[in-house]
4 protein chains.
Amino acid sequence: MRQLCSLLVLWGLGVNVLAAPPCAPSSWGAEDEIGAANLITPESVLAASQLIKTGKTYSLGITIDSNTPAYPPRQMSLQVVQPGQQQGRRVMPNLTYNDDIYIGWLGIGSQLDGLGHVGDSDGIYYNCNDAKDFAQFTGLSKLGTHNVPPIVARGVVLDMAGYKGVPYMKAGEYFTVDDVKAVQEKQQTPIREGDVVLFHTGWTDAMLASDPKVWGSAAPGQSEEVAQYLADLNVVAVGADTWGLDVSPAPVPERASQGHVILLKENGIYVLETMNTGPLVRDQAFEFLFILGQAKVRGAVQMIINPVAIR
Amino acid sequence: MRQLCSLLVLWGLGVNVLAAPPCAPSSWGAEDEIGAANLITPESVLAASQLIKTGKTYSLGITIDSNTPAYPPRQMSLQVVQPGQQQGRRVMPNLTYNDDIYIGWLGIGSQLDGLGHVGDSDGIYYNCNDAKDFAQFTGLSKLGTHNVPPIVARGVVLDMAGYKGVPYMKAGEYFTVDDVKAVQEKQQTPIREGDVVLFHTGWTDAMLASDPKVWGSAAPGQSEEVAQYLADLNVVAVGADTWGLDVSPAPVPERASQGHVILLKENGIYVLETMNTGPLVRDQAFEFLFILGQAKVRGAVQMIINPVAIR
Amino acid sequence: MRQLCSLLVLWGLGVNVLAAPPCAPSSWGAEDEIGAANLITPESVLAASQLIKTGKTYSLGITIDSNTPAYPPRQMSLQVVQPGQQQGRRVMPNLTYNDDIYIGWLGIGSQLDGLGHVGDSDGIYYNCNDAKDFAQFTGLSKLGTHNVPPIVARGVVLDMAGYKGVPYMKAGEYFTVDDVKAVQEKQQTPIREGDVVLFHTGWTDAMLASDPKVWGSAAPGQSEEVAQYLADLNVVAVGADTWGLDVSPAPVPERASQGHVILLKENGIYVLETMNTGPLVRDQAFEFLFILGQAKVRGAVQMIINPVAIR
Amino acid sequence: MRQLCSLLVLWGLGVNVLAAPPCAPSSWGAEDEIGAANLITPESVLAASQLIKTGKTYSLGITIDSNTPAYPPRQMSLQVVQPGQQQGRRVMPNLTYNDDIYIGWLGIGSQLDGLGHVGDSDGIYYNCNDAKDFAQFTGLSKLGTHNVPPIVARGVVLDMAGYKGVPYMKAGEYFTVDDVKAVQEKQQTPIREGDVVLFHTGWTDAMLASDPKVWGSAAPGQSEEVAQYLADLNVVAVGADTWGLDVSPAPVPERASQGHVILLKENGIYVLETMNTGPLVRDQAFEFLFILGQAKVRGAVQMIINPVAIR
């Protein structure tokens, strides 16, 4: 009885014995908001720029429209308008113009998950920030993606589908730490601190156009252990050619997307989704200079992006 | 009377003798949709990448929010939401998350003007495209910014304010071709084919935070002749640290923003607005590698951007 | 030749000999913005209120959601949110609350077409108002539906399907002036000045739920002559249980929705769409008190409505 | 110690001894979603319709636009557009048209608060509905305002300002049960079961146009006891010519807007805000037929409204 009482006391005091571990401040300081982007320095950029050998560029973002599947209830629409020019009216005598309005979620298609996107089950995010404090309705007061400096780094794409000898990995199929190690070895592209790591599963090339519904309902991806492995390597960002990076459905349903928690919340490492890795892999461009300058909307959680790879 | 009749006949037939000259197809072919971005090649990228000397990066986009002044009636709002998590509900046992919805115009703050943004007074845009044909309400069917490949090029910032010996140029003050030539000479940064040219007027650094209303109501900028001069040099894009690049108000009111017509419509050259050139100028980083990967929304007219400069 | 010249001169002067007739000011004055709503007086309301015999009420609006078909590209979404209450946070100690954001067109489902909705081929609307002058992007500066006073009038529903002996009229099938006269006679409900006239075709009851795509792609409806006939009777509004009132497709394609032009533009008579007339017809409630108080958004073109019938 | 343990045990079990009382199912049944609207019957409507004596109508909704103050972060914008008609293009040869897009909150200006708008501090709403269960992001799955049948009832406006001998009551000033009783007596308009009760404080007439900021930051209104008094009288809806009905700021800050909880949550009685009561009071039209048919958007929490009064 005393023990039961003790447990209930703990519970009553909000100490959920089954829940997330207590939060540890970031190694970049208790006020830090950008996490692993701190690893980017002029020196690291200069070194990564040496990877430019041919000058060929790659657009790592896909084109999105109102038909692009997205995590429900995400959706978007675009409105092209001509203010003041109704029925051929002119606002200036020498020109005409179009403008456009985007109404939609920022987590559609190729996207940057900021550090304010996923937290633990207690609502605690990167660097012990509590959603109750920073997740303001009109924009995050902390951890917004507008804070993220240019992510310019060595990029490595790991061809997981090629390693497995398939055009694309199947929905629900995941790759392990051993797989990731083997591909690094095979490609001769060891992952290093400060890298941006992209996984090529073949999923988007195979399914997005041909069966968008299936594409968006599940995906191959990393196991939870891979996320931890990459975090231990101190990478800057991890992405994949899938809408969610983590394998879906998750092997352990109650730990779905746990890789996001490990990367974003526990390690301040960015997640990049629906990266167009196919052209890189087809060119065997496994190493490249990765450049991301995301549009800076104050307090944004995510952002539609189109990183550039140069090799 | 016969002459009057002739004139009226011409008028009746839609030949407006006062209007835009007949359209000439693009030198990149009648089907081309990307204009001067055709000038970007692996060779040009490789050459430009040699400008990376220190690895220091610059975020050329500013942070926008609902208070950022924009060309009326442009406006925006951000909504941070937690679907399925109302009143502490959990959608997954192991995590919580935030998402966000952007409702707003794509021509706010730092922006890319696509080739479908400005046309002549007859509604004819780059490469003889008629707005009646391509300016579909749900997205441009031609000239959308999603078509634009990565703009990776030699970037040159021209410090017009420094040349004039002022912290910032005044609203309505414009710089001429001679000014632009003189600054190139002074900085030893000749403009070349394929460059991205940015003008630093000091306007945004001086006024955006201190007096946003004034900032958005007028601006210093290029004269119409400068636009033509740059077009003749075959640059890829022209930008400035102002919301409109062209001087405002225009010296000749009925030719307001005519530089946009010259660049976008007549030459397929992109316009970049509200570029954060101050840090480059303060570092005297007059030459750099310019990288822009804009988010790809199908049929978008413009796009909020954050190009990266590396020197 | 002289004649050709004359014609071209006329043409050149903007006198399109094939186009809309010159505009005549409204009989309610050149400044009038509410058209046939002027017919509503305390006397007419008092008389119509005598139609209340049982106190039974009818909701004439249907429920709309994101699946409701609408004239492209019209669409809508609703967002239910809890500002400040993320992860169980409280904004007040004693309560919790939900709010909602509507993003969508006002012409979806049951709707009021205001006098600024449809004009002639020259862009001229009710009372000679030119869209170039009043169709401001942020709200009509004239003819907005916020101007419309309460429409309280005798309502008459004409059971066209019952008259034809079918559960519902077919897409593309129209009723004529003779049909309308016959139904008035059959029902003993003569249409009078100041009435709101609703047509029951059975289309929405039969098709909206069972085949929404077909429902929205065509419809039975009034012929053009019926619109003129009703206008000559000086009614206040004309509606139907279809999305467009006019038969669709139109018998003469180049006069599609011409009934809208006749009613709205030429006569200042309101159009009511997707009225839920089924319950009235099933009760043989052919006469009733009609009450519409539309939400008043300044400068709105249309409005989602839910008129009330009382008999 | 044992007692402390007991308390903590209770707390641990989620029994917050300081919080809302346990929920009692509605007297209209555990499945009921419309609350006091159940009181409206053909008999009650027929009786109320006898109040029509002159046929004069009143629009009880105000006109809203993007400048109308609203409870933060509520806001709205209207976009008037002409799809397919860019630069004078025609979609049909015989007509032109305008459409409009509303982007905004439904709780702006004159509004209906549905039963899903305010719940107690535990997130429990009318009829023991838990927000966790019904407050779906894309629309309430219960208690949506689309469920509300036409509210046709005897309307009574109580001129609280007139009773107090002032043109308008001051911000933070509240009226008591005694005041309400006295005004009923003075006006000879006893409140009865099934009524819609509106309070005229003069606040909106005095302040909305002249000082919108002040208008929206505080208001006179009902005390908490008045809400309970009206609930005990079994009214259908309670409104006022203020944005929040309850006095603001509240005399007891931690019970702000408690009248909403009493009416909506505990009694299923609707709240009507920013009702344009001035014209009624000026006409001494203290009794009238009240008719509300709100636009029916599935799952909406609130709705912009414009009820009609007829006397």
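The values are calculated or read from the model by the stated rules, or taken from the named source; none is laboratory data. Since we're looking at a predicted model, the values are computed, not measured. So basically every Cβ, Gly included, is an ideal-geometry build from the backbone, and we count neighbours across all protein chains shown. For accessibility, only protein heavy atoms count, side chains too; no ligands or nucleic acids. Shrake-Rupley method; radii C 1.70, N 1.55, O 1.52, S 1.80 Å.
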### Query
Looking at the range A:99-117, is at least one residue closer than 30 Å to B:VAL261 by Cβ, assigned to a loop (DSSP other than H, G, I, E, B) and over 19 Å from the mean Cα position of the chain (by Cα)?
no
#### Entry: Residues of the range C:67-91 that turn out to be open to solvent by less than 60 Å² (accessible area, probe 1.4 Å), assigned to a loop (DSSP other than H, G, I, E, B) and of a type outside the set (Gly, Ala, Ser), as a count
7
### Task
Determine, yes or no, whether A:VAL152 is more than 9 Å from every other protein chain (Cβ to nearest Cβ), open to solvent by less than 30 Å² (accessible area, probe 1.4 Å) and in a strand (DSSP E or B).
no
### Task
For B:LEU7, indicate whether it is surrounded by 14 or more Cβ atoms within 10 Å (Cβ to Cβ), modelled with pLDDT under 95 and not in a loop (DSSP other than H, G, I, E, B).
yes
### Among residues of the range C:23-71, those that are at pLDDT below 95 and touching a Gly at 6+ places or on another chain (Cβ under 6 Å), counted
0
### Task
Within the range A:86-138, work out how many residues are more than 14 Å from chain D (Cβ to nearest Cβ), of a type in the set (A, V, I, L, M, F, W, C) and touching a strand residue (DSSP E or B) at 6+ places or on another chain (Cβ under 8 Å).
8
## Note on the structure
With criteria (1) within 13 Å of chain A (Cβ to nearest Cβ); (2) farther than 18 Å from B:PRO72 by Cα; (3) touching a strand residue (DSSP E or B) at 6+ places or on another chain (Cβ under 8 Å), B:SER248 comes up short on (2)
### Task
Please enumerate the residues belonging to the range C:127-145 that are buried (at least 24 other Cβ atoms within 10 Å of the Cβ) and in a helix (DSSP H, G or I).
C:ALA131, C:THR145
### Residue under evaluation C:SER44, criteria (1) of a type in the set (Ser, Thr, Tyr); (2) out of contact with any Phe, Trp or Tyr (no Cβ under 8 Å at 6 or more places or on another chain); (3) part of a loop (DSSP other than H, G, I, E, B), criterion not met
(3)
### Query
Looking only at the range B:156-193, which residues are part of a loop (DSSP other than H, G, I, E, B) and surrounded by 23 or more Cβ atoms within 10 Å (Cβ to Cβ)?
B:MET169
#### Entry: Of all residues in the range B:241-265 being part of a helix (DSSP H, G or I) and open to solvent by less than 40 Å² (accessible area, probe 1.4 Å), the one that is farthest from B:MET207 (Cα to Cα)
B:LYS265
### Cross-chain or 6+ apart pairs with Cβ under 6 Å, the range C:203-231 first and more than 12 Å from C:TYR168 (Cα to Cα) and modelled with pLDDT of 95 or more, then open to solvent by 30 Å² or more (accessible area, probe 1.4 Å) and hydroxyl-bearing (Ser, Thr, Tyr)
C:SER223/C:TYR174; C:SER223/C:THR176
### Message
Let me confirm something: among C:PRO22, C:PRO42, C:PRO73, C:PRO69, which residue is within 11 Å of chain D (Cβ to nearest Cβ) and farther than 20 Å from C:ALA237 by Cα?
### Response
C:PRO73
#### Entry: Boolean, B:VAL238 is assigned to a helix (DSSP H, G or I), β-branched (Val, Ile, Thr), at pLDDT 95 or above and within 21 Å of B:ILE269 (Cβ to Cβ)
no
### Message
Pairs needed: first member in the range A:142-157, under 14 Å from A:LEU106 (Cβ atoms); second member anywhere, in a helix (DSSP H, G or I); C-beta distance under 6 Å; at least 6 residues apart or different chains.
### Response
A:VAL148/A:ALA37
### Task
Show the residue pairs that are 6+ apart or on different chains and have beta-carbon atoms under 7 Å apart, the first residue being within the range B:290-311 and farther than 20 Å from B:THR41 by Cα and touching a residue at least 12 places away in the same chain (Cβ under 8 Å), the second being acidic (Asp, Glu) and buried (at least 24 other Cβ atoms within 10 Å of the Cβ).
B:ALA300/A:ASP100; B:VAL301/A:ASP100; B:GLN302/A:ASP100; B:GLN302/B:ASP113
### Query
Is it fair to say D:GLY293 is crowded, with 24+ Cβ neighbours inside 10 Å, small (Gly, Ala, Ser) and facing chain C (nearest Cβ under 10 Å)?
yes
### Task
Have a look at A:GLY216, A:GLY278 and point out the one that is touching an Asp or Glu at 6+ places or on another chain (Cβ under 9 Å), farther than 19 Å from A:ASP178 by Cα and more than 14 Å from every other protein chain (Cβ to nearest Cβ).
A:GLY278
### Task
Tell me which residues, restricted to the range D:45-66, are within 7 Å of chain C (Cβ to nearest Cβ), among the aliphatic types (A, V, I, L, M), over 19 Å from the mean Cα position of the chain (by Cα) and surrounded by 21 or more Cβ atoms within 10 Å (Cβ to Cβ).
D:VAL45, D:ILE52
